[in-house]
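Below is one structure, written out as structure tokens; the observations come after it.
The values are calculated or read from the model by the stated rules, or taken from the named source; none is laboratory data. Note that the coordinates shown come from a computational prediction; the quantities given were computed from them, not determined experimentally. Counting neighbours? That spans all protein chains shown, and the Cβs are built from the backbone with ideal geometry, glycine included. Side chains included, ligands, DNA and RNA excluded: accessible areas come from the protein's heavy atoms. Shrake-Rupley method; radii C 1.70, N 1.55, O 1.52, S 1.80 Å.
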Amino acid sequence: MKVDILRGIPGAGKSRFVRGQYPGATVLSTDDYFVGADGVYWFNPADIGLAHGRCFRLFIEALQRGDSQVVVDNTATSIAEIAPYVLGSQAYGYDAEIITLRCDPAVAASRNVHGVPVAAIHKMAEALEAGTLALMPWWQHRVIELG
């Protein structure tokens, strides 16, 4: 049983990567909280805590069900955002791997569908790199360059 924890800046191609690499997997994303029944994305910064909480709750439910492949598709620039998923995976006997999806910030900004300002994407790219250096050395991790 496997958990892949994807991390990358907005517009990097995380969701496209998931669609191509994980057919049939249980895929969870904080962004899902902000998608209405009509399929329209509506971000409200005041609800970000609720969105992260819902994503984690659905993650634990997937582990409790014994889903064979669980993918967490979030920005996850910091250890604080990653650690609960790694620890949850370990608690339920899953192998966890962190996958950093790198993309040039200018490219990511040009295809970002959530309206994140360019300056914010550049800051998030810096935080992503700093977070990569801070990952626990015993955590499985790999980096994939996306164009």
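Worth pointing out:
- Across the range 64-74, the number of residues qualifying as under 21 Å from Ser15 (Cα atoms) and outside any strand (DSSP E or B) comes to 3.
- Arg65 falls short of the stated requirement of being closer than 20 Å to Gln21 by Cα and either without any contact (Cβ under 8 Å) to a residue 12 or more places away in the chain or open to solvent by 30 Å² or more (accessible area, probe 1.4 Å) (or both).
- Within the range 90-113, tally of residues that are touching a strand residue (DSSP E or B) at 6+ places or on another chain (Cβ under 6 Å) and either exposed (fewer than 15 other Cβ atoms within 10 Å of the Cβ) or without any contact (Cβ under 8 Å) to a residue 40 or more places away in the chain (or both): 1
- Failed item in (1) under 17 Å from the mean Cα position of the chain (by Cα); (2) at pLDDT below 95; (3) assigned to a helix (DSSP H, G or I); (4) not aliphatic (A, V, I, L, M), with Thr77 passing the rest: (3)
- Candidates Val86, Val116, Val72: the one that is of a type outside the set (Ser, Thr, Tyr), open to solvent by less than 50 Å² (accessible area, probe 1.4 Å) and at pLDDT below 95 is Val116.
- Options Val72, Val35, Val27; residue that is over 28 Å from Ala130 (Cβ atoms) and among the aliphatic types (A, V, I, L, M): Val35
- Looking only at the range 92-113, and only at residues there that are outside any loop (DSSP other than H, G, I, E, B) and of a type outside the set (A, V, I, L, M, F, W, C), the one that is modelled with the lowest pLDDT: Arg111
- Which listed residue is of a type in the set (Val, Ile, Thr), part of a helix (DSSP H, G or I) and over 21 Å from Ala125 (Cα atoms), from Ile48, Ile60: Ile60
- Test result for Trp139, modelled with pLDDT of 95 or more, over 13 Å from Leu28 (Cβ atoms) and aromatic (Phe, Trp, Tyr): yes
- Screening Ser15, Ser89 for residues that are part of a helix (DSSP H, G or I), of a type in the set (Ser, Thr, Tyr) and over 22 Å from Ala134 (Cβ atoms) leaves exactly one candidate, Ser15.
- Candidates in the range 37-57 are the residues that are loosely packed, with under 12 Cβ neighbours inside 10 Å and of a type outside the set (A, V, I, L, M); of these, the one that is nearest to Gly115 (Cα to Cα) is Trp42.
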